[in-house]
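For reference, the structure discussed in these notes is given below.
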Amino acid sequence: MSPESSFETEPQLINGNGRAIADGRPTSTSAAPGIVAPQEDHHLSFAQSVSRMVNQAASFLAMPSGLLEQIQKANAVYQVSFPVRFGDEYKVFTGWRVVHSEHRLPAKGGIRFAPIVDQHETEALAALMTFKCALVDVPFGGAKGGLAIDPSRYSPSELERITRRFARELIAKGFISPSLNVPAPDMGTGPREMAWIADVYRSQCPSDINAMACVTGKPVTQGGIAGRHEATGRGVQYGLREIFRDTKMMKRSGLDGSLRDKRIIIQGLGNVGFHAAKFLSEEDSARIIAIIEHDGAVVSDDGLDVEAVRAHMKKAGGVTGCPEGTYVSNGAQVLEAECDVLIPAALEEQITRENAPRIKARIVAEAANGPVTADADEILRRRGCIIVPDIYLNAGGVVVSYFEWIKNISHIRFGRLGRRSDELRGSDLVDALHSVTDRRVSDTLQNRLRRGPDELDIVRSGLDDTMRQAYLEMKLVMEEDDRIDDLRTAAFVVALKKIVTAYEQLGCTP
Ligand code: GLU
């Protein structure tokens, strides 16, 4: 697997003019955009867009005056510039770590390596982490980090030096710590970068017995947890299953309550988009009718082989020339094609007030952070489209990060203590059934009963349960207040209620 293929989402970008962006500088390319860089001409910035959605939800809640302002503001922003020497040349890199909230600690959120990274984007993403953690009962505050860099321009050993140096800077200022601030993968980073960060922390803080909990999303062989790498995509699958189980939502969408044969369009085949598409097509029999990438799209009404598209992308760097389906150069147009579910799994601000009126999907499932702007959200809702919000749908990553952090501070793999005893109990049950009846339990059921859960089973069960519970909480909010009839507002209301309670119970810090 190439290093890039393990990234949460792929970092290569094309801006609205069809120009590739690298280290903040546009470079010329003839590619047609399928994933566009966040647009500069919105009347709201990404951070303002998130803030407006939060304010809208807050208008349904009573809270002490001034508290919303505190909840909305980032608590701390650290910007750092540092040099790395390559031969005779010094290159200066700039990065950020934003702590949005600390009503629970540690603060949690990924580190993004991408040319578009800046302070405002990092602040908006950190805010989303606050609400995401609260919604899915991950007892952490919100944070986010980023480095303005195009990782595809550097060799693995150069990236290692850059990442290690960035980590040193963040650790030195308390912006990476198992008890205060715990990064994870995001766009342009993956398990490899997390292993480097953990190694730097361990060497700088050798007496910290919980050193491995300083970062999550590590390789399983480096203190990671089974199922973390695919967790965000898995959470998208579980979240969509919840929607399809909800008869009221299904009635509203005009779809029947099964994912089988549903026509799905995915924007972005990075780690999140790839796993979501793979699981939905292989396990729920949904049809992936289009995959949109930075250089266009591939489409097939019969459904695409997601693994084959991914394999081509690994070799070719995009979907151009992909033998699967039909190549369409105008990726942006495919976003607007007829489908049941549209899954933006790339970047923020992909559906804006400009293209929202032309989106035909019945359900927009936000696997990326902030792919629908506040303006577009209103337009889509008015047109009857159901939006499954990012803070719910892509929470799988941070949920399993939480499990990894618990594993690290407990210093034991999940299932290690109880698995064998569960297996013995299952065997006893089968034997008891056989001894009191003259019928035999089927081999499949016997195998299931005799098998104790391993770490992956436990992680999946915890994630499934979390997605189910959070969905129920959103549903309850909509049932209790008939002014709230969209999942995003419901999600923010659930999250805000929990954050407000935490602040009120903590009292006023001196
Ligand atoms: N970067 C992921 C997100 O945006 C995961 C964060 C984490 O695991 O801390 O949710």
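Annotation note: of Ala167, Ala74, the sole residue that is crowded, with 24+ Cβ neighbours inside 10 Å and either at pLDDT below 95 or under 23 Å from the mean Cα position of the chain (by Cα) (or both) is Ala167. Looking only at segment 478-501, residues that are over 19 Å from Ala374 (Cα atoms), in contact (Cβ under 8 Å) with a residue 12 or more places away in the chain and not in a helix (DSSP H, G or I) come to 1 in all. Only residues that are under 15 Å from Asp465 (Cα atoms) and touching a helix residue (DSSP H, G or I) at 6+ places or on another chain (Cβ under 6 Å) were counted across segment 399-412, and they come to 3. Filter segment 205-259 for residues that are of a type in the set (Asp, Glu) and either over 21 Å from the mean Cα position of the chain (by Cα) or within 16 Å of the ligand (Cβ to nearest atom) (or both); which is least open to solvent (accessible area, probe 1.4 Å)? Result: Asp246. Against the list (1) assigned to a helix (DSSP H, G or I); (2) more than 30 Å from Glu366 (Cβ to Cβ), the condition Gly452 fails is (1).
Annotation note: of Ala374, Ala345, Ala361, Ala365, the sole residue that is among the small types (Gly, Ala, Ser) and either open to solvent by 10 Å² or more (accessible area, probe 1.4 Å) or under 18 Å from Ser49 (Cβ atoms) (or both) is Ala374. Scanning segment 167-183 for residues that are touching a Leu at 6+ places or on another chain (Cβ under 8 Å), under 21 Å from Gly224 (Cα atoms) and either more than 14 Å from the ligand (Cβ to nearest atom) or among the small types (Gly, Ala, Ser) (or both) yields a single hit, Ser179. Annotation note: of Asp454, Asp431, the sole residue that is under 30 Å from Gly233 (Cα atoms) and modelled with pLDDT of 95 or more is Asp454.
Residues in segment 17-53 that are at pLDDT 80 or above and out of contact with any Leu (no Cβ under 7 Å at 6 or more places or on another chain): Gly34, Leu44, Ser45, Phe46, Ala47, Gln48, Ser49, Ser51, Met53.
Exactly one residue among Ile162, Ile111 is over 30 Å from Arg468 (Cβ atoms) and of a type in the set (A, V, I, L, M), and that residue is Ile162. Of the residues screened, Gly397 is not one that is surrounded by fewer than 23 Cβ atoms within 10 Å (Cβ to Cβ) and either more than 15 Å from the ligand (Cβ to nearest atom) or at pLDDT 95 or above (or both).
Inspection of segment 400-412 identifies at least one residue that is open to solvent by 10 Å² or more (accessible area, probe 1.4 Å), away from the ligand (no atom under 16 Å from the Cβ) and not hydroxyl-bearing (Ser, Thr, Tyr).
Within segment 184-196, restricting attention to residues that are among the aliphatic types (A, V, I, L, M) and over 15 Å from the mean Cα position of the chain (by Cα), the residue that is nearest to the ligand (Cβ to nearest atom) is Met194.
The values are calculated or read from the model by the stated rules, or taken from the named source; none is laboratory data. This is a predicted model, so every value here is computed, not measured. Backbone-built Cβ (ideal geometry, glycine too); neighbour counts: all protein chains shown. Protein only, heavy atoms only, side chains kept; ligands, DNA and RNA dropped before computing areas. Shrake-Rupley method; radii C 1.70, N 1.55, O 1.52, S 1.80 Å.
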